[in-house]
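Here the structure comes first, spelled out in structure tokens, and everything after it is commentary.
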Amino acid sequence: MTGFISKMRVKICGITNREDAEAAIAAGADALGFILYEKSKRFIPIERAIEIVEILPPFVQTVAVTVNAVKEFTNLGWRKQLKNFGIAQLHGEESPIHVKAVSKYLPVIKVFPADKAETIEPKHYSVSAFMLDTPSKDYGGTGHVYDWNLAVEFTKRITKPLILSGGLNPENVAKAIETVHPYAVDVSSGVEASPGRKDHAKLRDFIQICKSF
């Protein structure tokens, strides 16, 4: 369609190297996520993440993904490093007070496991967006899909944008978007060759499908 501009935003998470970052951007990704949680299979040291962030072109959003990082956010040196990123994504059991504290330094995406969505009081959280992900003791990256109706119901209770995550891949993302109508989608394992390494063909296919909406 001539002149068509996609409204669907795409975040590629679990970036660990420059090659994957450049491939994601070339394919049309709107945001890149860097996982600073050491127990993750897709962990990247913050210094290495910043090296990649510094070579990115303008208008690409960069997301620092952390899990229950209380000490890190109270450490002045770490906070200064986090300023290299555009958004903080909080993927643990962070309290509304914790979220509000972080939001003083960076806009926040607060992630919740989908099975907890109906118990969340969105008004208590100072965020720019919410994300729902598949429940996991490892805080994401499972490759498993949850019941998208949970996300549909959650969107009725929030006034901030919803980012849909959890087991998305080139085969199911169109159906996910049609079902939930999220602000954006987030993918990591669904476009990987191995944990922390992207399959560039899957990456291109995923983004192309999303951008058709």
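Just so you know, all these numbers are worked out from the coordinates, no wet-lab data involved. Since we're looking at a predicted model, the values are computed, not measured. Glycine gets a Cβ as well: all are built from the backbone with ideal geometry, and neighbour counts include every protein chain shown.
Rg/Rh for the stretch 52-114 stands at 0.97; both radii use Cα atoms, and Rh follows the Kirkwood definition. Here the spin labels are modelled as points 7 Å beyond Cα on the Cα-Cβ line, and at Lys160 and His181 they lie 2.2 nm apart.
At a temperature of 25 °C and a viscosity of 0.890 mPa s, determine how fast the chain diffuses translationally according to Stokes-Einstein, using the Kirkwood radius over alpha-carbon pairs as Rh; express D in µm²/s, rounded to the nearest whole number.
Working: Rh = 17.1 Å.
D, rounded to a whole number, is 143 µm²/s.
Considering only Cα-Cα distances, which of the following residue pairs are longer than 18 Å: Lys116/Lys198; Lys11/Lys116; Lys41/Lys198; Lys11/Lys156? Over 18 Å Cα-Cα: Lys116/Lys198; Lys11/Lys116; Lys11/Lys156.
As an equivalent ellipsoid, the stretch 140-213 spans semi-axes of 22, 13, 10 angstrom, where each value is the square root of five times an eigenvalue of the C-alpha gyration tensor, largest first.
Counting other Cβ atoms within 10 Å as a rough exposure proxy, the listed residues Thr119, Thr66 run Thr119, Thr66 from fewest neighbours to most. Here the dipole of the stretch 9-210 is about 580 debye; that uses its Cα centre as origin and unit charges on the Cβ of Lys and Arg (positive) and Asp and Glu (negative). Place +1 on the Cβ of every Lys and Arg and -1 on the Cβ of every Asp and Glu in the chain, take the dipole about the Cα centre, and give the residue among Phe85, Leu162, Ala27 whose Cα lies farthest towards its positive end. The Cα lying farthest towards the positive end belongs to Phe85.
If R0 is 30 Å, the Cβ-Cβ spacing of Ser128 and Asn17 corresponds to a FRET efficiency of close to 0.65.
Computed log10 I(q)/I(0) for the stretch 6-71 at 0.18, 0.19, 0.24, 0.26 Å⁻¹: -0.62, -0.69, -1.02, -1.15, from the Debye equation with unit scatterers placed on every C-alpha and solvent omitted.
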